[in-house]
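The values are calculated or read from the model by the stated rules, or taken from the named source; none is laboratory data. Please read these numbers as outputs of a predicted model, since none were measured by experiment. Glycine also receives a Cβ, built like all others from the backbone with ideal geometry; neighbour counts cover every protein chain displayed. These area figures cover heavy atoms from the full protein model, side chains too; ligands, DNA and RNA do not enter into them. Shrake-Rupley method; radii C 1.70, N 1.55, O 1.52, S 1.80 Å.
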Amino acid sequence: MPLSFRKQILAHQSYESAGIAPFLGTRHLDIASGAWCYHGPDFRQRSRIWTPPECHQYYDDFSTISLDATGNGFPDIVTGGFFGKTLFLLKNPGEAGGGDWEQEIIDEPGHIETTRAWDLDGDGDLELVPNLPGESLYVYKLLRDEDGKPTGRFRKIKVSDQIQGHGLGAGDLNGNGRMDLLLNHGWLEAPKRPWEEEWIYHPDWSMPGCSIPILVHDVDGDGQPELISSRAHDYGLFWYKQEHPGNWTEYPIDPFNSQYHDMQLCDLDADGELELVTGKRYLAHNGNDPGTRDPIGLYYFKWTGSGFAKQVISYGDFGEGKGCGIHFAIADLNGNGRPDIVAPGKDGLCIFWNEGL
């Protein structure tokens with residue numbers, strides 16, 4: 001039986017990114033999306049946190065990564081955009097509250113498709129990794145003072161001179177316990193000391209215009225990592241199996257829908273297995289992508305042992321169906337043990353409450 005989801009519309013604004021954290025410092029989770037923080041647990045009240053710049057039918061706000069970068073005990077937000085070419089920190093004022101959060105530039109690295117964060121060196125801190133098509137691969141590491149307190153500053157580290165395309169991921173591809181980095185044209189093998197030693201490039205595949213992130217997951221239960229990715233601005237969702245060293249075979253998951261841009265793995269039904277959650281990034285290129293006028297959808301895909309079964313969370317024309325933007329979020333918002341989905345996008349901001357079977 002498929003899971004049941006209840007849709008709650010929070011806003012009709014077209015911010016494409018959202019994050020979940022206790023931004024207000026209460027015992028409840030809150031939702032940040034664009035200019036606003038929506039207060040848990042019912043998310044009917046909101047407060048302004050900043051004013052994202054507008055450009056070419058976009059808000060230049062392509063991630064909502066939460067981490068306490070300043071050490072005041074309240075989650076800050078890392079975002080950045082394609083047009084401003086800037087990665088910056090929104091500093092949560094905490095109990096001081098009131099007004100827009102202070103903005104501090106982390107770096108101006110180039111056109112940022114979107115940013116992701118992973119603990120690449122296993123020290124418990126998230127490193128920031130922006131996808132910069134046409135630029136080298138950089139990682140931004142949070143700096144701490146001599147007492148271990150976050151400073152709000154980041155060290156910029158060039159991981160590789162390999163030029164990025166559209167697509168980025170992280171995961172342990174060779175089973176040595178270290179987090180490797182994935183590009184759309186191959187992967188970078190992490191050394192034992194990732195910030196001091198060379199990352200080895202393996203040009204194993206070509207996945208032009210693929211998703212952010214590219215997921216690393218043992219899809220078929222054979223004990224080996226596979227890849228899950230998409231054509232982010234075209235039709236198609238796929239998984240990739242390494243049949244021989246350096247030789248990856250593509251298998252279809254859903255070739256019939258377009259603009260799968262962001263995706264996550266999550267155990268939605270509490271059976272101990274991870275489901276793939278993804279959906280359309282509505283008007284990803286302002287109506288210029290293949291399939292842009294097709295119905296909009298949000299889905300989860302469950303591995304059956306031989307392929308993926310597609311289950312619909314939301315589907316329909318604009319106003320009825322819902323996609324998931326460029327950076328969506330999943331968390332148990334009401335503490336009932338079931339992960340809920342927060343879906344931003346140019347088609348509005350919604351919560352899909354997971355009501356189980």
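Some points to look at:
- In the set (1) open to solvent by less than 40 Å² (accessible area, probe 1.4 Å); (2) charged (D, E, K, R); (3) in contact with a Lys or Arg (Cβ under 9 Å, 6 or more places away or on another chain); (4) not in a loop (DSSP other than H, G, I, E, B), Arg155 fails one condition alone, (1).
- Residue check, Thr51 among the polar types (S, T, N, Q) and more than 25 Å from Arg144 (Cβ to Cβ): yes
- Subset of the range 78-133 [among the aliphatic types (A, V, I, L, M) and either free of Cβ contacts under 8 Å to residues at least 60 places away in the same chain or under 18 Å from Ala329 (Cα atoms) (or both)]: Val78, Leu87, Leu90, Ala96, Ile105, Ile106, Ile112, Ala117, Leu126, Leu128, Val129, Leu132
- The one condition in (1) under 25 Å from Thr86 (Cβ atoms); (2) in contact (Cβ under 8 Å) with a residue 24 or more places away in the chain that Tyr235 fails to fulfil: (1)
- Extreme residue, farthest from Thr292 (Cα to Cα), among residues of the range 308-332 that are open to solvent by less than 20 Å² (accessible area, probe 1.4 Å) and outside any strand (DSSP E or B): Phe328
- Just so you know, in the range 281-307 the residues that are open to solvent by 60 Å² or more (accessible area, probe 1.4 Å) and more than 22 Å from the chain's Cα centre (by Cα) include one that is nearest to Ala232 (Cα to Cα), and it is Asn288.
- Residue within the range 287-296 that is farther than 23 Å from Tyr15 by Cα and either assigned to a strand (DSSP E or B) or modelled with pLDDT of 95 or more (or both) present: no
- Residues located in the range 270-286, provided they are out of contact with any strand residue (DSSP E or B) (no Cβ under 7 Å at 6 or more places or on another chain) and not charged (D, E, K, R): Ala270, Gly272, Leu283, His285, Asn286
- When Gly169, Gly152, Gly110, Gly99 are checked against the criterion of being over 24 Å from Ala35 (Cα atoms) and of a type outside the set (Lys, Arg), Gly169 stands alone in meeting it.
- Selected residue [more than 20 Å from Leu29 (Cβ to Cβ) and modelled with pLDDT under 95] from Ser314, Ser306: Ser306
- Screening the range 2-60 for strands (runs of 3 or more DSSP E) wholly inside it with 2 or more residues that are under 21 Å from Lys91 (Cα atoms) returns the ranges 19-21, 30-33, 36-38, 46-48.
- Matching strands (runs of 3 or more DSSP E) fully within the range 162-250 where at least 2 residues are open to solvent by less than 60 Å² (accessible area, probe 1.4 Å) and within 23 Å of Tyr260 (Cβ to Cβ): 168-171, 180-183, 186-189, 215-217, 226-230, 237-244
- Scanning the range 333-346 for residues that are over 20 Å from Ala270 (Cβ atoms) and either open to solvent by 20 Å² or more (accessible area, probe 1.4 Å) or not in a loop (DSSP other than H, G, I, E, B) (or both) yields Ala343, Lys346.
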